Amino acid sequence: MLQSKNCKSRARAAQSSRPSSHDVVWLASGRLCFAPTLCSKEKLKFPSSIPTDDSARTVYTLHYIHQSICRIFHTATQLIMGIGDGQIHYRDGIALAQLVLFAVPFFVGYYFRWTRRICWFSICGFSLIRCVGAGCMLGTVNRNTVGLWTGVFICESLGVLLLISALFEMLARIDKTERVVHGRIFWILQLLTWIDIGISIGGFVTVTRKEHNKLLPTVWSRAGIAMLLLIYLYTLGVWVYFCMQRQRYEWEQYMLAKCVGISLSFLFVRVLFSVIFVITADRMWHAVVGNPTAYLLMTMLPELAFMAACCFVILKTPPGTLKQRNGKYELRDGEQTWPGMRR
């Protein structure tokens with residue numbers, strides 16, 4: 001009689017320690033990380049007794065392995081997820097599209113480098129900055145850290161000067177064959193660029209020392225946008241002068257000048273987005289925390305259109321450098337010099 005009671009108590013203990021039939025089927029399906037009934041905190045408790053029969057022992061072993069995996073997964077989630085909400089919002093979707101789309105001109109720019117074409121550095125550099133910024137933005141989905149947000153802000157504030165540099169490389173290619181302007185025209189752009197970089201560094205240092213309203217424009221940011229607008233207007237004026245000499249151009253030079261004009265229209269929208277934010281101080285026009293639709297229409301799409309136009313025209317431009325013969329410049333295959341430098 002006593003032995004019969006002990007057997008019944010062991011059976012009840014084994015029945016209470018094993019998972020239900022639903023849980024066993026769920027374990028066999030292999031979906032170990034998404035069952036709320038087994039991955040909850042209440043289920044992360046091991047049975048106190050080990051079943052004696054073989055079937056119960058097998059179920060117990062599976063249950064033990066599953067609970068161990070859930071504990072490991074829970075600990076890893078706490079380390080990886082940080083304080084992010086884990087949800088992809090509208091702005092994160094734009095960042096995901098940027099990461100995919102800007103990877104294409106990056107590899108195209110690398111192809112330009114391999115085939116010794118112009119603008120490879122500007123295209124690769126700008127695409128890399130946008131991909132890194134988009135990656136940092138996607139990283140904030142699960143890990144909302146200061147380092148990732150700093151990377152997003154820095155990458156969003158860079159890149160426009162590389163676009164303008166690409167335009168001047170195209171104009172320099174035209175100037176090598178037709179001698180349209182003096183070389184000092186390109187030196188002035190380099191001087192303005194270095195001034196703008198210095199202002200940007202000063203603005204970054206000022207923002208890091210502010211305690212409140214760090215997203216609002218400062219005197220340094222207004223000066224930097226004013227310098228960027230001046231560089232844009234200077235580029236526009238140089239392009240207009242090049243267009244006045246278009247009757248001297250061949251098909252290759254004409255296509256490059258046309259590409260510069262089209263790209264300047266896209267760049268105008270991009271610069272206007274920054275100018276509006278600096279003037280109004282409205283966070284709606286902020287590149288990171290502002291309206292995602294405004295960012296999509298006035299930043300991402302114009303930049304993609306700029307990249308597409310430049311890559312298409314440069315692919316049509318034959319590689320090589322230019323050398324001077326009898327007072328004129330001719331194309332020489334197989335080599336390339338830095339734009340704006342004359343032989």
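Among the residues that make up the stretch 200-207, is at least one of them surrounded by fewer than 20 Cβ atoms within 10 Å (Cβ to Cβ), in the same structural domain as Leu315 (by TED's automatic domain parsing) and in a loop (DSSP other than H, G, I, E, B)? The answer is no; no qualifying residue exists. Here is the figure for the stretch 236-261: residues that are farther than 18 Å from Ile164 by Cα and under 31 Å from the mean Cα position of the chain (by Cα) total 0.
The values are calculated or read from the model by the stated rules, or taken from the named source; none is laboratory data. As the structure is a prediction and not an experimental result, all values here were calculated from the model. Ideal geometry is used to build each Cβ from the backbone, glycine not excepted, and the neighbour counts take in all protein chains shown.
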